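Rule-based calculations on the coordinates, nothing more; no lab input. Bear in mind that the values here come from a model prediction, so they are computed numbers and not experimental data. Quick reminder, even Gly has a Cβ in these numbers, built from the backbone with ideal geometry, and neighbours come from all protein chains shown.
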Amino acid sequence: MSCNEAVEKEIRKALQKLTEKEREVVERFFFLGQKYGEIGLALELSEFRVQTILLRAKRKLKNVLAPFARKKYGVIVKKPSCPICLSKKRKRIEKLLKTKTKEEGWKRILLQLKEQHQIRTNSRSLHRHLSEHMPPERKRGAPSAV
């Protein structure tokens, strides 16, 4: 397998980790060369929303492709600074996150994180963790991050 084929294969695998909407925005922006406004019109989204989706998708792709870049090219990608990702109790914390219902706020979760896991964070960081760092199969039952 050539170098280009290996890279293409990894990128295709990484794209499959994105949501359908994220993949659509990435493909239109990077492969078709469309601008935010064009993508927004086609997908019935505001330009700001397109930018937000693209930013989140790029972060996800960076995280997914980092091990490949390190192994293949020796590129060291900065690790996430997410306090949940850095915690040794990540799985237990993610289980706690999945208990939140759409109707309730983040107060209960934030309090438990602080008291039980010594993690001080905010609701925005929790949303980011859910949308960018938690694989879809681990989100079942979790509220929408958007």
Q: Using Cα pairs closer than 8 Å and at least 6 residues apart in sequence, work out the relative contact order for the chain, in percent.
A: 19 percent
Q. Tell me, what is the percent relative contact order of segment 83-138, built from C-alpha pairs under 8 Å that lie six or more residues apart?
A. 38 percent
Q.
Given an 8 Å cut-off on Cα distances and at least 6 residues of separation, report the relative contact order of segment 3-73 as a percent.
A. 35 percent
Q. How far is helix 3-15 tilted off the main Cα axis of the chain, in degrees rounded to 10, range 0 to 90?
A. 40 degrees
Q: For each of Thr101, Thr52, Thr121, count neighbouring Cβ atoms within 10 Å of the residue's Cβ, then give the residues from fewest to most.
A: Thr101, Thr52, Thr121
Q. Among Lys102, Lys72, which comes first, second and so on when ranked by fewest other beta-carbon atoms within 10 Å?
A. Lys102, Lys72
Q: Could you work out how far helix 107-117 tilts from the main Cα principal axis of the chain, as a 0 to 90 degree angle to the nearest 10?
A: 80 degrees
Q. If you line up the long axis of helix 47-73 against the longest principal axis of the chain, both from Cα atoms, how many degrees apart are they, to the nearest 10?
A. 80 degrees
Q. Once the principal axes of the Cα atoms of the chain are found, what is the range along each, listed largest first in whole angstroms?
A. 50, 40, 22
Q: For n ≥ 4 DSSP H runs only, could you compute -39500 (n - 2.57) per run for the chain, divide by its residues and tell me the 222 nm figure to the nearest 500?
A: -17000 deg cm²/dmol
Q: Within 10 Å of each residue's Cβ, count the other Cβ atoms and sort Tyr36, Tyr73 from fewest upward.
A: Tyr73, Tyr36
Q. Measuring from centroid to centroid over Cα atoms, what is the spacing of segment 75-94 and segment 1-38 in Å?
A. 25 Å
Q.
Compute, for the chain, the length of the dipole vector about the Cα centre, with Cβ point charges of +1 (Lys, Arg) and -1 (Asp, Glu) only. Units Debye, rounded to 20.
A. 1000 debye
Q: When a/c is below 1.5 the answer is rounded, else prolate if a/b is larger than b/c, else oblate, so apply that to segment 83-138 with a ≥ b ≥ c taken from the square roots of the Cα gyration tensor eigenvalues.
A: rounded
